[in-house]
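Here's the structure we're looking at; comments come further down.
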Amino acid sequence: MNQPVRVKTLKIDDRDVSGREDETILEVARQNGIFIPTLCHLDGLTSIGACRLCLVEVKGVSRLLPACVTRVEEGMEVYTQSERLQKYRRMTLELLFSERNHICSVCVVNGHCELQSLAQTLGMTHVGVPYRFPRLPVDASHERFVVDHNRCILCTRCVRVCDEIEGAHTWDVMGRGIDSRVITDLSEPWGDSETCTSCGKCVNVCPTGALFEKGKPVADRLKKRQFLPYLTMMREERR
Amino acid sequence: MTPEELKRLVSQGEAERPEPKHRICVCVAAACLSSNSDQVKQALENELAARGIAPECEVKGVGCMGLCSAGPLVAVEPDGVTYQHVTSTDAAEIVEHLGQQPIERLTCPTETPFFTKQYKIVLENSGIIDPEKIEDYIARDGYTALARVLEDMSPQEVIDEITRSGLRGRGGAGYPTGLKWSTVAKAGGTRKFVICNADEGDPGAFMDRSVLESDPHRVLEGMAIAAYAVGASQGYLYVRAEYPLAVKRLRTAIRQAERLGLLGNNICGTTFSFHVDIRLGAGAFVCGEETALIASIEGKRGQPRPRPPYPAEYGLWGYPTLINNVETFANVAPIIRNGGDWYASIGTEKSKGTKVFALAGAVKNTGLIEVPMGITLREIIFDIGGGIPGGRKFKAVQTGGPSGGCIPEQYMDMPVDYESLAVVGSIMGSGGMIVMDETSCMVDVAKFFMDFCMTESCGKCVPCRVGTAQMYGILQRITSGEATMSELALLEELCDMVKYTSLCGLGQTAPNPVLSTLQYFRDEYIAHIVEKRCPAGVCQMPVREGH
Amino acid sequence: MSTKRIATVWLDGCSGCHMSFLDMDERLIELFQQADLVYSPLVDLKEFPPDVDITLVEGAVSSEEDLHKILMVRERTRTLVAFGDCAVTGNVPSMRNPFGANAVLQRAYLENVTLYPQVPREVIPALCERVRPVHEVVKVDVFIPGCPPSAETIYLALSELLAGRMPDMAKLTRFGA
């Protein structure tokens, strides 16, 4: 017999909501139409709490908590839209824009980019920190796909989807801090990768123009992600 | 197993040797080694052999004696003389003077506050025993605490004793050790791990290295007691690869302890088994953070993950895991031997026991010291440290490494404990203490630590990865006279944002050196920005017209 | 209501923002019922006048001349508007930043030239080492992202500014729009 499911009741932005004990604040918020911004999180992949956009305030907790990995608790009072949080979120986006060379007007995913649209949603009209303008390579050695490090925000969705869903673990991260970079295999050209199955999942989960398919017009570069929750669900059922 | 049995265990097969008439102890810890104490030791041995008095006089390598700035140090027993700055050419003279009037030229005064004001628990054997000999450790009551625990105490009694002692984590955050142990003990499952965090990485800090190099068995004994208390049978010592001597001595120590049945299966003939393996860090500062350290042991990229779940519940390979720092484990055996109440009688109300500090920077006596909690900074710097050399003026003391802050003159009489340091914007940290005089530029100091945090950020979360780089950029512009006041405002905003939004302790504390120097030395920042002038004369400023 | 003095300037950009400005078509007439266009690359005035209420700045700061001009414009303007992505982010002109100014000159005047290859030293203003968005050089009061911002966006922004209100630009436009 199945374990009884425990349900927790809590408040998000002063609204009474309820969630299963194994659900996160983010999941419950979304079920209730409460918007919490995310970039590294993607339904169907392990959450890692890295982008810090989903930080929320919880009454009685001095730290800010990432909604994507924080489980709901009975009586919790969550605030998602305080001025302080909005300021931090805008600054986080500004830091991301300043980090590499995000030139939206000439980007292959202009109009379909999560970074770009979040900037608009969160009211970020300019970047207050100096742009860094690093010199970064573009690897077009793969027959179908391109990785443009100028647009990468190191969310590691590609790393996780390749490892957790495709099982190839072609992608990983090398270097430290501001010098971190996603790599294929042991930092070899993508086209030479012996582990890559060319499934294209990484391209579809990439929130920006860092990973894209060759030879498609910009308008067709909408990324398809609905397959992910389906795949995870079916796997869990089989288990 | 009784202490007598332990001592018998050691001497098995060895004929009782008479106590030598004179024993010459040469420090062979890293600092003295780097000024050729190994050659001194060799020269002394040669000298004894040449004179044919080797049997009644013995040369012995020992661990750190503390006053590293006076190294190589050599102590002669039972004469009670310590020699400083010894070179191999002094060997003949030292041997000649055995049992005679000490050589005045080389004598290191030991009646000074540097030696008398210290209180040694963690370092009680350092500089006395040969770190490569388990016999030496056992001769000074080593492993009796473990034997007693296995003989007479239940795991809960061990935890109670640690809780009673008031010991708090010596890695920096000061979490109550007893509470941590009981959490792991309560966690379910039969598989648990004990990890010793020896990934000491703060610039200027060398407490853990010194303990491992000088008294490795103390740490192993502490780990074994912890393993018994929480119900673990496997331990890992995560040591940074930059500490080859510590690693070598630990390997030797583990082998010796296993041979005597003090580690491994059925320790002391009981059902308790505990194996210890060494894992080497690859030089990443962030791997001192417990979840990153665990990832590193698991063979993954050394990156922290959000907590909860804490390692006590979900640690190495998903099993409950106890992680303590080297110095924390080094305190365990004495607490068991002398009782928690004894330990709790030392220190302040909330910070018990002693703390080891690595005293460095603009201070006469640099080296390793152990002092009771609650001692004032002034006593540490001016009595034990001997004050500022060259008649210069004291400016600030930096504690807690890149996570800590700079404390100015006005707080010199504040007691050193976890809470007081936090109140003035710094932290206890692992024990690095860098003294700065008037020739240090505080903006430059902040820039140094920010450079460190930027380089050591793992790159996982955005605020730490990009925020530290941006803050470093602004500090660079301030120290080169290019910044404006609006950039200073931006720097403060970034400090706030990085502090409250970063994923792990590295990012959350990275702004501390900037925040504390801004708090106490804001005028220096303003001088750089408005007057284009570095008050300490450290930063290269653009040459102003008309000058 | 007094007539507002509006100016537009063109730094390093493609003039697309000015084209979009002209795309306001008949609404231009409506806007300039309440304002005068006192300086613009679209009108024939040589000197940037003092006492300007609103200046729209198209383009990034790329050359010594841009630098000189923007400092002067800032001094003479009450509300400075970064007009379009080049002014707001550096955009396409800033794509040379990872390589440095010299690499650009080499490429343009030496490597890709067959007849008399030489880097011009006179007449053409010297390039700054780094292309910067306007707000990295002077204080900017309003940001209108877009490449280019649509005529509608410009119209709404200007209407609000003329009415003495600060427009909420994030609702109207975005980077790369």
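What the table shows:
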| quantity | calculated |
| --- | --- |
| Chain B: antiparallel DSSP beta bridges as a percent of all, rounded to 5 | 50 |
| Normalised convex hull volume, chain C, alpha-carbon set, Å³ per residue | 126 |
| Relative packing of A:5-11, B:447-453, which averages over residues the other C-beta atoms within 10 Å, highest first | B:447-453, A:5-11 |
| Residue-averaged beta-carbon neighbours from other chains (10 angstrom radius) around A:180-190 | 1 |
| Flagged links, alpha-carbon separation over 18 Å, of B:117/B:364; A:201/A:223; B:192/B:300; B:7/B:133; B:180/B:350 | B:192/B:300 |
| Protection-proxy order for peptides B:365-372, B:220-227, B:434-441, each taking the mean of Cβ atoms within 10 Å per residue, highest first | B:220-227, B:365-372, B:434-441 |
| Gyration tensor (Cα) of segment B:354-437, equivalent ellipsoid semi-axes in angstrom | 18, 14, 12 |
| Taking the C-alpha atoms of segment A:7-81, convex hull volume expressed per residue in Å³ | 81 |
| Protein heavy-atom accessible area occluded, B/A pair - total, 1.4 Å probe, Å² | 2500 |
| Virtual spin-label span in nm between residue B:175 and residue B:233, 7 Å along Cα→Cβ | 2.6 |
| Accessible solvent surface per residue of chain B, calculated while the other protein chains remain in place, 1.4 angstrom probe, Å² | 37 |
| Exceeding the 25 Å Cα-Cα cut-off - candidates A:224/B:499; B:460/C:171; B:395/B:447 | A:224/B:499; B:460/C:171 |
| Heavy-atom surface of chain C, accessible at 1.4 Å and reported per residue (Å²) | 50 |
| Chain B: proportion of alpha-carbon pairs further apart than 36 angstrom, % | 37 |
| Measure of compaction for the protein assembly as shown (Cα Rg per 2.2 N^0.38 Å) | 1.11 |
| Where the Cα pairs of segment C:1-97 fall when distances are cut into 5 Å bins, in % | 3, 13, 23, 26, 19, 10, 4, 1, 0, 0 |
| Pairwise burial A:C, computed as accessible area of each alone minus the pair, summed, 1.4 Å, Å² | 1900 |
| Cβ-derived FRET efficiency at R0 35 Å, residue B:350 paired with residue B:393, nearest 0.05 | 0.60 |
| Average partner coverage of A:165-178, which counts Cβ from other chains inside 10 Å | 4 |
| Kirkwood-Stokes translational diffusion coefficient of chain A, alpha-carbon pairs, 20 °C, 1.002 mPa s, µm²/s | 111 |
| Listing of segment B:434-466 residues, each with accessible area lower by at least 50 Å² in the full protein assembly than in the chain alone (probe 1.4 Å) | B:460, B:462, B:465, B:466 |
| Percent of beta bridges antiparallel (DSSP, segment B:141-344, rounded to nearest 5) | 10 |
| Cα-projected label distance for residue B:89 with residue A:216, points at 7 Å along beta-carbon direction, nm | 7.7 |
| Charge context of residue B:350, other residues only, Cβ under 10 angstrom, K/R +1, D/E -1 | -1 |
| DSSP beta bridge pairing in the protein assembly as shown, given as percent antiparallel to the nearest 5 | 50 |
| Whole-angstrom gap from segment A:8-38 to segment B:265-316, using each part's C-alpha centre | 34 |
| Per-residue mean of C-beta atoms belonging to partner chains within 10 Å, peptide A:110-120 | 3 |
| Whole-angstrom gap from segment B:170-190 to segment C:103-160, using each part's C-alpha centre | 59 |
| Net charge, residue B:112 excluded, C-beta distance under 12 Å - Lys, Arg +1, Asp, Glu -1 | 0 |
| Accessible surface of chain B, 1.4 Å probe, proportion on carbon and sulfur as whole % | 50 |
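The values are calculated or read from the model by the stated rules, or taken from the named source; none is laboratory data. Just so we're clear, the structure is a prediction, and the values are computed from it rather than from any experiment. In this analysis, Cβ positions are derived from the backbone assuming ideal geometry, glycine residues included, and neighbour counts consider all displayed protein chains. The protein model used for the area step is the full one, side chains on, heavy atoms only, and it has no ligands, DNA or RNA in it. Shrake-Rupley method; radii C 1.70, N 1.55, O 1.52, S 1.80 Å.
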